[in-house]
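Contents: one structure, followed by commentary.
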Amino acid sequence: MTDLPAETLQTAKRLEIVWYLEDHEPKGGHRGRTKGDFDYQGVVVFDDIRLSDAPPLDETQRQHRKKQDLNREHGMIVDRVFAERSATYERGTVVYADGTEIPYEFEVFDDGTYRYTIDGETFEFGGGV
C-alpha cells in the first residue's frame, strides 16, 4: 500500500482484498461481481495484517502474549521441573494447573543477551536484539 497517496491512506474507510487464481479470473471481472457458481472454491487466510504505523510486536510483548495464551489454555504455572541448570543455562518443563507439561529453555550469553524458548517459540532479549 506504500504506492498509494498519503491522503488516500489517511481517509480510507475500508480495505477490499480481491483474490483469484491467476489463470481463472472470475466471470464478472476481477472484482468478482457475478451471479452463479464460481469455477473454483477454497479458503484464504490472511495472517498478521497491520493497517497502522505501529511497529511489529517487540520480543517482550510477544513473550508476554505467549505466557498469557498458555495461562488461558492451561491455567497458572504450578511447578517448574529442572532437567539441567547452571548460572547461564536452564532447561526443563513448566507444569500448569491442568497437568500440562511444556518444555522450556533459557540461556544467557556472554554479550548480555539471552534467549528464552517455550512451547517451541523462541524470544531473544537484550543487546539491541
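What follows draws every value from the coordinates through simple rules; no lab data is involved. Nothing here was measured: the structure is a model prediction, and the numbers come from that model. Glycine also receives a Cβ, built like all others from the backbone with ideal geometry; neighbour counts cover every protein chain displayed.
May I ask you to evaluate 6.51 cos²θ - 1.76 cosθ + 1.60, the Karplus curve with θ = phi - 60°, for each residue of segment 83-98 and list the ³J(HN,Hα) values in order in whole Hz, giving x for glycine and proline?
Going residue by residue, I get 9, 7, 8, 9, 5, 10, 8, 8, 9, x, 10, 9, 10, 9, 4, 7 Hz, with x marking Gly and Pro.
Compare the peptides 80-89, 104-113, 5-14 by average per-residue count of other Cβ atoms within 10 angstrom and give them in order, highest first. Let's see the in-between values first.
On the way: 80-89: 9.6, 104-113: 13.1, 5-14: 7.9.
The peptides rank, most packed first, as 104-113, 80-89, 5-14.
What is the distance, in nm, between label points placed 7 Å from the Cα along the Cα-to-Cβ direction at Val78 and at Thr113?
For Val78 paired with Thr113, the spin-label model returns 3.8 nm.
Let me check I have the definition right: for segment 59-125, take the eigenvalues of the Cα gyration tensor, multiply each by 5, take square roots. What are those semi-axes in whole Å, largest first?
In descending order the semi-axes read 21, 16, 7 Å.
7 Å from Cα along Cα→Cβ at both Leu21 and Ala6: what's the point-to-point distance in nm?
Placing both labels 7 Å along Cα→Cβ, they lie 4.4 nm apart.
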